[in-house]
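K.L.:
For reference, the structure I am asking about is given below.
The values are calculated or read from the model by the stated rules, or taken from the named source; none is laboratory data. This structure is a prediction, so every number in the text was calculated from the model and none was measured. All Cβ positions, glycine included, derive from the backbone under ideal geometry; neighbour counts span all protein chains shown.
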Amino acid sequence: MTSKDRQTEKAPKEYLEVLGDTVVPSSLLLSVVISVTCTIGGFFLGQAIFPSLAEAKMVNSYSLLLGIGGSVLALIVCARLFKPSRQLKEEQTSAENLHAIMDDLQIDAKTEYELIVNDPVTRKEMEELGILETFKRSGEREGK
């Protein structure tokens with residue numbers, strides 16, 4: 001293995017954010033090509049096959065149905081080819097981290113705490129997770 005191969009292998013992949021998800025651009029492009037090819041290919045295949053099998057007024061409907069089938073096939077192919085590349089990292093959240101996160105999201109901790117306390121379902125979930133007190137302390141810190 002040459003040094004150039006090692007550098008290429010270690011180089012981080014570039015990602016794009018599309019509709020709130022992070023994707024590899026080459027995978028996105030290839031999946032779009034696969035989807036368009038299968039969908040339009042199914043439609044045109046129907047336009048070629050169905051005139052000899054169905055009534056003339058039904059050819060377009062059947063062709064559209066075959067195009068939809070092509071898009072489902074593309075979905076299955078793309079799901080098999082492109083596995084999720086997410087890397088989730090869990091870390092312990094402290095009161096300071098929570099306060100920093102709320103600042104980043106421009107959330108008022110006191111208002112959030114009041115909403116949590118007033119909703120019994122949310123309050124119960126927060127108590128079970130053991131983070132209600134963290135929200136309470138953050139809300140008190142905001143109130144000062």
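K.L.:
Quickly run through region 5-29 and pick out the residues that are part of a helix (DSSP H, G or I) and either polar (S, T, N, Q) or at pLDDT 95 or above (or both). Spell out how you get there, then give the answer.
P.N.:
At the first step, the residues of region 5-29 found to be part of a helix (DSSP H, G or I) are 5-10, 25-29.
Answer for region 5-29, where residues must be part of a helix (DSSP H, G or I) and either polar (S, T, N, Q) or at pLDDT 95 or above (or both): GLN7, THR8, SER26, SER27.
K.L.:
It is to be established whether one or more residues within region 30-50 are in a helix (DSSP H, G or I), modelled with pLDDT under 75 and not hydroxyl-bearing (Ser, Thr, Tyr). Walk me through it before giving the result.
P.N.:
Just the residues of region 30-50 that are in a helix (DSSP H, G or I), to begin with: 30-50.
Retained after the next criterion (residues that are modelled with pLDDT under 75): none.
The answer is no; no qualifying residue exists.
K.L.:
Can you say whether GLU55 is more than 30 Å from VAL32 (Cα to Cα), assigned by TED's automatic domain parsing to the domain that holds ILE34 and either touching a Lys or Arg at 6+ places or on another chain (Cβ under 7 Å) or modelled with pLDDT of 80 or more (or both), as far as the supplied structure shows?
P.N.:
Details: more than 30 Å from VAL32 (Cα to Cα): yes; assigned by TED's automatic domain parsing to the domain that holds ILE34: yes; either touching a Lys or Arg at 6+ places or on another chain (Cβ under 7 Å) or modelled with pLDDT of 80 or more (or both): yes.
In short, yes.
K.L.:
In region 52-70, how many residues are surrounded by 13 or more Cβ atoms within 10 Å (Cβ to Cβ) and not in a helix (DSSP H, G or I)?
P.N.:
Looking only at that region, the number is 1.
K.L.:
So which residues in region 107-137 are more than 22 Å from GLU91 (Cβ to Cβ) and in a loop (DSSP other than H, G, I, E, B)?
P.N.:
Across region 107-137, the qualifying residues are ASP108, ASP119.
K.L.:
Check off (1) loosely packed, with under 14 Cβ neighbours inside 10 Å; (2) in a helix (DSSP H, G or I); (3) outside the structural domain of LYS136 (by TED's automatic domain parsing); (4) of a type outside the set (S, T, N, Q) for ALA100 and give me the number that stays unchecked.
P.N.:
(3)
K.L.:
Only residues that are at pLDDT 90 or above and touching a Ser or Thr at 6+ places or on another chain (Cβ under 6 Å): list them for region 74-101, please. Walk me through it before giving the result.
P.N.:
In the first step, residues of region 74-101 are kept if they are at pLDDT 90 or above; the result is 74-81.
Matches in region 74-101: ALA74, CYS78.
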